[in-house]
Structure formats: structure tokens, C-alpha cells
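Structure first, then comments.
The values are calculated or read from the model by the stated rules, or taken from the named source; none is laboratory data. Nothing here was measured: the structure is a model prediction, and the numbers come from that model. Please note: Cβ atoms are built from the backbone with ideal geometry, for glycine as well, and neighbour counts cover all protein chains shown. Each accessible area value is taken on the protein alone, full model and side chains, heavy atoms only, with ligands, DNA and RNA left out. Shrake-Rupley method; radii C 1.70, N 1.55, O 1.52, S 1.80 Å.
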Amino acid sequence: PEARTASKDLGMKGWPFYFGGRGGVLGRVEAEVVHAVFCFFPLQTVIEAAVIVRIFIQFLGQIFGLHLLRTTRPDVHMPFRMWFYPLPSLVAVTGWVFILVAKHEYLVPAFVVMVSGALVYPLWRRFVGGVAIAD
């Protein structure tokens, strides 16, 4: 609701400004379709769930991937060095887990978004070919 009000204040029609940054990532899906899914939740819940999804997929995923790469593939040349390895990444994991615990009420919507994305992505790859189509 707040996003829709803001779009009207800017003289824009509906939600296209809200989803304008998608840059064709969803293919030829109209913004109204995406809006129809997320309009059932308050904007604050959508934003908090998106942050939690980003924490899980990007931040914790990178830390896990770094440890996995360093332990399973020591032969790979890494052009970087983490001082006091693994202490900085363990501190980062502790911080991200603290944020997740503090925002525990948004974990269910975040997992719904992650699971739905995991289910829809293979279909998108199959039918659209996995290539972003700019509008």
C-alpha cells in the first residue's frame, strides 16, 4: 500500500515504478503479475523477507562457499588472502545469524520466497531459456 501511494504521488501508474528495476529478469512477466503475488503482504514484510533471503543466499552462501572451496580445493589459486582465516568469516556468520534471530517473524515469508524461487526457476529456464528478455 505505501508503494502504491508513493507511485501516485510521483504521478506514476500503479506498481511499474516499484518493479521497474527488475530489468527484464523475469522475462515477459508484467509487473502486475508480480504485484499480485506480493500485494497480499504489507510492504514492510516484503522488504524484511527480501533482506533475509539476501542474507541466506548471498552473504551466508559466500561464507560457506569460501570455506568449502578452501577445504575441498586447496590446489585452486586464490588471488586474495583473508587475514586471520577463518576468524573474520566466523564473526560475519555470527552477525548474520544474530540478524536472522532478531527478525525471526520474517523467516517464514523469506523461506516461502526462497522455496517458490527454487520451484519456479527450473520452469523459467525450460520455457524462457534462462535468458533475460528486456522489455
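Brief remarks on what is shown
- Accessible area (Å², 1.4 Å probe, nearest 10) - Ile57: 110 Å²
- Accessible area (Å², 1.4 Å probe, nearest 10) - Val112: 90 Å²
- Net length available on complete extension from Tyr85 to Gln58 is 7.8 nm, with 0.36 nm assigned per residue and the Cα-Cα distance removed.
- Figure note: Leu69, Leu87 ranked by solvent-accessible area, largest first, 1.4 Å probe, ligands and nucleic acids not counted: Leu87, Leu69.
- Residue-count net charge about Arg54 - beta-carbon cut-off 13 Å; Lys, Arg +1, Asp, Glu -1: 0
- With the simple spin-label model, which puts each label point 7 Å out from Cα in the Cβ direction, the Val120 to Leu69 separation comes to 2.9 nm.
- Shown are Leu68, Leu60, whose ranking by accessible area with a 1.4 Å probe and every protein chain present, most to least, is Leu68, Leu60.
- Ranking His67, His77, His104 by solvent-accessible area of protein heavy atoms (1.4 Å probe, all protein chains present), from largest to smallest, gives His77, His104, His67.
- Extension gain (nm, one decimal) between Met78 and Val97, 0.36 nm per residue minus Cα-Cα: 4.1 nm
- Taking a sphere under 14 Å around the Cβ of Trp96 and counting the other residues whose Cβ falls inside, with K and R at +1 and D and E at -1, yields a net charge of +2.
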